Amino acid sequence: MPTWYDDACFILHYEHQFYRGEYPPPLSGVDPAQVRRLLERIRPDAVQYYAKGSAGLVPFTTRYGNEHPSVMEQPEADVLRVFRDVTRELDIRFVIAYSGLVDFQAADWRSEWQRIGSNYSPYPNRALCPNHGYVDELMLPQLEEILSLYEPDGVWIDGENWTVSPCWCSVCTNEYQMLHGRSAPYDRSDSLWKEWIDFHRDSFQRYVGRVARYLHDRSGDLLYATNAGYATHQPEEVAGLGTLGGGPERLSWDLSPAYSLRQAGLEARFFDSRGLPFDLLTWNQSSARPWAQGRLPALPTYPKTFDHLAQEGSVILANGGRWSVWVTAYSDDSLPEKQHEVVAQTAEFARERAPWCIGTQSDAYVAVLHSSATHRAAGNGLYDPGPSLDRIRGAHQALLELHHPHDVVNEEGLRRNLARYWVIVLPEQIALPPDLDEELTEWVRDGGRLIATGRVSPRILEDIPTFALEDVLGVQWTGRQEPSAHFLYNELPLRIAAPVYHVTLNGAEMVIPLCGTGNEFRPNEWSIPAVTRNTLGEGRGYYLAADFFAYYHRSQYPGLRDFFGAILGDAMPQPPLLTTAPPSVELVLRRKGNATILHWVNHSPGKSLAQNNPFIERVPPSEPFSVTIAVGEEPLEVRLQPEGIEPEWSFSEGALTAFVPPVHLHTALVVTGPERPEAPPGAETEAEAEAEPEAASPVAPAAAPEEPDYPPD
Ligand SMILES: [Zn+2]
């Protein structure tokens with residue numbers, strides 16, 4: 001069903017948590033003229049304002065007893081009414097932000113609504129249990145009240161999946177007892193611990209579905225979002241996906257206030273694969289320590305420069321997302337006027353780019369599998385944002401820096417686009433659903449290139465430890481591992497200080513061996529493979545015997561990325577795309593109709609970020625670079641957008657080569673062709689059979705970087 005959100009590109013989010021004792025007091029500075037002046041200037045597609053923050057107090061007269069004391073003192077000030085009226089007048093959508101499972105007022109009022117830990121006390125974050133009375137007795141009826149008072153175009157619920165932890169409240173333990181016929185486990189050693197954890201995931205999914213249906217029953221065209229829902233720390237399938245009104249129709253998350261540029265690209269790619277439109281929020285302020293760390297208190301936030309914000313926004317827009325900018329209102333609900341000068345620039349920046357961003361689809365030819373099964377097994381079993389995601393972060397970073405356009409997908413996302421991918425990377429996927437084996441095997445047989453690292457979903461078959469997909473990889477796991485080793489690469493031992501796994505060859509060939517020392521003269525080769533290559537049908541399976549991607553994320557050594565680049569070079573001797581862009585420029589490959597769109601975002605910080613400096617002052621332009629991409633037929637038009645400039649370009653044997661002048665923040669190379677040929681691995685052979693061989697052979701290496709020198713075929 002089409003909604004206003006489909007065409008939106010810029011959302012303005014105002015933060016105000018409405019705590020007690022704020023000074024100047026809430027509502028005392030509401031100024032309709034200021035709201036109108038700023039919104040007329042910025043013209044966002046939608047504005048979000050808080051109807052309830054984590055304090056649990058609302059800025060309007062309510063039937064539910066949780067109004068902020070300021071409402072009594074300022075009876076005629078209604079900030080939500082002002083925003084509703086002004087946005088309606090200016091044809092801007094209005095979205096209510098409402099804190100869901102964090103509500104300190106409710107936790108004080110009805111302490112039994114809190115999540116209870118195994119020690120029978122509430123958790124320190126005092127989050128509420130979605131199975132207890134809060135949802136039915138306060139949250140849903142109050143949302144209904146808000147709907148009838150302000151008729152919002154959307155509801156954005158905050159304080160959601162990150163609050164989920166096992167709950168031993170009376171309702172949860174009783175319900176679990178009914179479902180499983182025994183009492184709730186108390187610790188991880190219990191054999192039913194996993195079921196207990198899954199019960200809480202199911203409870204949260206059920207809660208999301210209930211809120212969605214409740215809201216949609218009352219307002220059919222209202223958009224519902226659960227903040228941070230279905231981001232990388234919740235890789236399971238979206239609740240109610242494909243059902244009418246049974247789940248969110250907008251995905252949304254506020255990125256970290258500091259160092260969020262690479263996070264933006266990872267979360268945007270993952271959201272983009274979920275089958276729903278999305279936005280990501282960037283705070284307009286940053287801090288060297290946005291949250292308290294142990295005994296160190298949080299440090300204040302300060303405004304970001306335009307360059308800083310636009311760098312983050314570019315990544316979001318390039319990946320097909322809407323950009324939301326977060327501004328904190330003053331305690332009295334007046335708005336920080338000065339900060340809106342930069343916000344106005346960011347809105348203009350987004351609008352100029354929207355035609356080449358909004359409504360585009362990924363044309364990436366590499367997929368990184370971020371399976372829900374692995375995330376459950378590797379993390380705490382819940383919505384764990386911690387180190388268990390490092391394997392995905394490392395794979396994302398390596399592919400970003402190597403300029404191989406990639407998607408980040410869960411099991412369902414992989415299936416949806418399997419035929420588009422040339423290469424699938426399984427970064428340390430320690431659990432895979434067995435029903436994926438056959439599909440991946442067939443995909444490799446048809447010409448796909450699979451690269452697996454670390455433990456590949458270990459399974460015990462007849463007492464023998466095995467990896468999933470051993471037939472594809474041509475190796476057999478012995479069950480043994482070492483805490484670290486070296487990869488003998490270009491005759492130099494490359495230290496890998498991460499678990500390394502012993503496999504024996506079972507059809508594959510050893511590409512490079514493991515060795516025991518870092519001494520280039522005496523590396524002490526183990527005759528155990530570090531990297532193997534196996535041919536299966538038209539395709540190949542590669543195995544890297546280490547927790548390679550998590551290690552890349554943690555160590556950041558560029559040589560590891562180059563090493564992975566060489567393996568990709570072996571897997572794709574003729575990749576669909578080659579560029580001389582530096583690793584600090586992000587490439588996003590998208591399409592829209594007959595246009596192939598290459599987005600370039602300059603990540604350069606312009607100064608040292610050493611010693612915890614998160615503030616970007618001025619982004620220096622990149623070097624000029626070239627790109628060669630297989631496009632099939634000669635393009636009708638090649639332009640750099642939004643500038644509208646025609647770059648220097650040439651076309652030869654199915655490939656376009658273009659020269660991109662220095663990029664300041666973002667530019668899109670838009671190649672409009674007669675029709676883009678499909679070139680998935682499966683279809684490749686068919687296309688070759690029909691078309692001229694040249695048309696299917698991808699890239700002329702003329703303008704490309706040096707050919708990978710490893711390994712000889
Ligand atoms: Zn509970």
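Would a scan of segment 484-491 turn up a residue that is closer than 26 Å to ASP562 by Cα, within 31 Å of the chain's Cα centre (by Cα) and among the polar types (S, T, N, Q)?
Among the residues of segment 484-491, at least one is closer than 26 Å to ASP562 by Cα, within 31 Å of the chain's Cα centre (by Cα) and among the polar types (S, T, N, Q), which makes the answer yes.
Only one residue in ASP85, ASP136 is farther than 20 Å from ALA344 by Cα, outside any loop (DSSP other than H, G, I, E, B) and more than 16 Å from the ligand (Cβ to nearest atom), so which one is that? Give the steps one after another, and end with the answer.
Details: ASP136 fails: more than 16 Å from the ligand (Cβ to nearest atom).
The match here is ASP85.
If CYS167 satisfies every condition in (1) within 16 Å of the ligand (Cβ to nearest atom); (2) buried (at least 17 other Cβ atoms within 10 Å of the Cβ); (3) not in a loop (DSSP other than H, G, I, E, B) but one, which is the exception?
So the condition that CYS167 fails would be (3).
Do we have any residue at all in segment 303-311 that's crowded, with 24+ Cβ neighbours inside 10 Å and within 15 Å of the chain's Cα centre (by Cα)?
So far as segment 303-311 goes, no, none of its residues is crowded, with 24+ Cβ neighbours inside 10 Å and within 15 Å of the chain's Cα centre (by Cα).
Name, by its number, the condition in (1) within 16 Å of the ligand (Cβ to nearest atom); (2) modelled with pLDDT under 95 that does not hold for ARG188.
With (1) within 16 Å of the ligand (Cβ to nearest atom); (2) modelled with pLDDT under 95 applied to ARG188, the lone miss is (1).
Select from segment 469-497 the residues that are crowded, with 16+ Cβ neighbours inside 10 Å and touching a Pro at 6+ places or on another chain (Cβ under 8 Å) and write down the one among them that is farthest from ASP437 (Cα to Cα).
PRO493
Can you spot a residue in segment 457-468 that is in a strand (DSSP E or B), of a type in the set (A, V, I, L, M) and within 31 Å of the chain's Cα centre (by Cα)?
no
Return the total of residues in segment 261-317 being within 19 Å of HIS370 (Cα to Cα), free of Cβ contacts under 8 Å to residues at least 24 places away in the same chain and not in a helix (DSSP H, G or I).
Qualifying residue count, segment 261-317: 0.
Look through segment 204-251, keep the residues that are hydrophobic (A, V, I, L, M, F, W, C) and in a loop (DSSP other than H, G, I, E, B), and return whichever of them is surrounded by the fewest Cβ atoms within 10 Å (Cβ to Cβ).
Top of the filtered list is LEU244.
Within segment 115-133, track down each residue that is within 30 Å of the chain's Cα centre (by Cα) and more than 12 Å from the ligand (Cβ to nearest atom).
PRO124, ASN125, ARG126 - these are the residues of segment 115-133 that are within 30 Å of the chain's Cα centre (by Cα) and more than 12 Å from the ligand (Cβ to nearest atom).
What number of residues within segment 64-80 satisfy the criterion of being more than 17 Å from LEU38 (Cβ to Cβ) and outside any loop (DSSP other than H, G, I, E, B)?
6
Could you count how many residues in segment 170-184 are within 16 Å of the ligand (Cβ to nearest atom) and surrounded by fewer than 21 Cβ atoms within 10 Å (Cβ to Cβ)?
10
Taking segment 1-22 only, how many residues are over 22 Å from HIS340 (Cα atoms) and either in contact (Cβ under 8 Å) with a residue 60 or more places away in the chain or of a type in the set (Gly, Ala, Ser) (or both)? Explain how you work it out, then say what you get.
Filtering segment 1-22 for residues over 22 Å from HIS340 (Cα atoms) gives 1-7, 19-22.
Cutting the leftovers down to either in contact (Cβ under 8 Å) with a residue 60 or more places away in the chain or of a type in the set (Gly, Ala, Ser) (or both) gives us 1, 3-7, 21-22.
So the count comes out to 8.
Taking segment 389-418 only, how many residues are part of a helix (DSSP H, G or I) and either modelled with pLDDT under 95 or over 17 Å from GLN429 (Cβ atoms) (or both)?
Of the residues in segment 389-418, 6 are part of a helix (DSSP H, G or I) and either modelled with pLDDT under 95 or over 17 Å from GLN429 (Cβ atoms) (or both).
Can you find a residue in segment 195-203 that is without any contact (Cβ under 8 Å) to a residue 12 or more places away in the chain and either within 16 Å of the ligand (Cβ to nearest atom) or in a loop (DSSP other than H, G, I, E, B) (or both)? Please lay out each step first, then the result.
Restricting attention to segment 195-203, the residues satisfying the condition of being without any contact (Cβ under 8 Å) to a residue 12 or more places away in the chain are 202.
Of the ones still in play, those that are also either within 16 Å of the ligand (Cβ to nearest atom) or in a loop (DSSP other than H, G, I, E, B) (or both) are 202.
Scanning segment 195-203 turns up at least one residue that is without any contact (Cβ under 8 Å) to a residue 12 or more places away in the chain and either within 16 Å of the ligand (Cβ to nearest atom) or in a loop (DSSP other than H, G, I, E, B) (or both).
Conditions tested, residue by residue: (1) aliphatic (A, V, I, L, M); (2) more than 23 Å from the chain's Cα centre (by Cα); (3) modelled with pLDDT of 95 or more.
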residue	(1), (2), (3)
THR301	no, yes, yes
SER314	no, no, yes
SER324	no, no, yes
VAL327	yes, no, yes
TYR330	no, yes, yes
GLU341	no, yes, yes
ALA344	yes, yes, yes
PHE349	no, no, yes
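From the residues in segment 630-670 that are closer than 15 Å to ILE597 by Cα and polar (S, T, N, Q), which one is surrounded by the most Cβ atoms within 10 Å (Cβ to Cβ)?
THR667
Sort out which residues of segment 146-164 are assigned to a helix (DSSP H, G or I) and within 16 Å of the ligand (Cβ to nearest atom), and write them in order of number.
Residues satisfying the conditions are ASN161, THR163.
Condition (residue is in contact (Cβ under 8 Å) with a residue 60 or more places away in the chain and within 14 Å of the ligand (Cβ to nearest atom)) applied to segment 91-114: is it met by at least one residue?
yes
The values are calculated or read from the model by the stated rules, or taken from the named source; none is laboratory data. The structure presented is a predicted model; accordingly, all values stated were derived computationally and were not measured. Note that we place each Cβ from the backbone using ideal geometry, even for glycine, and neighbour counts take in every protein chain shown.
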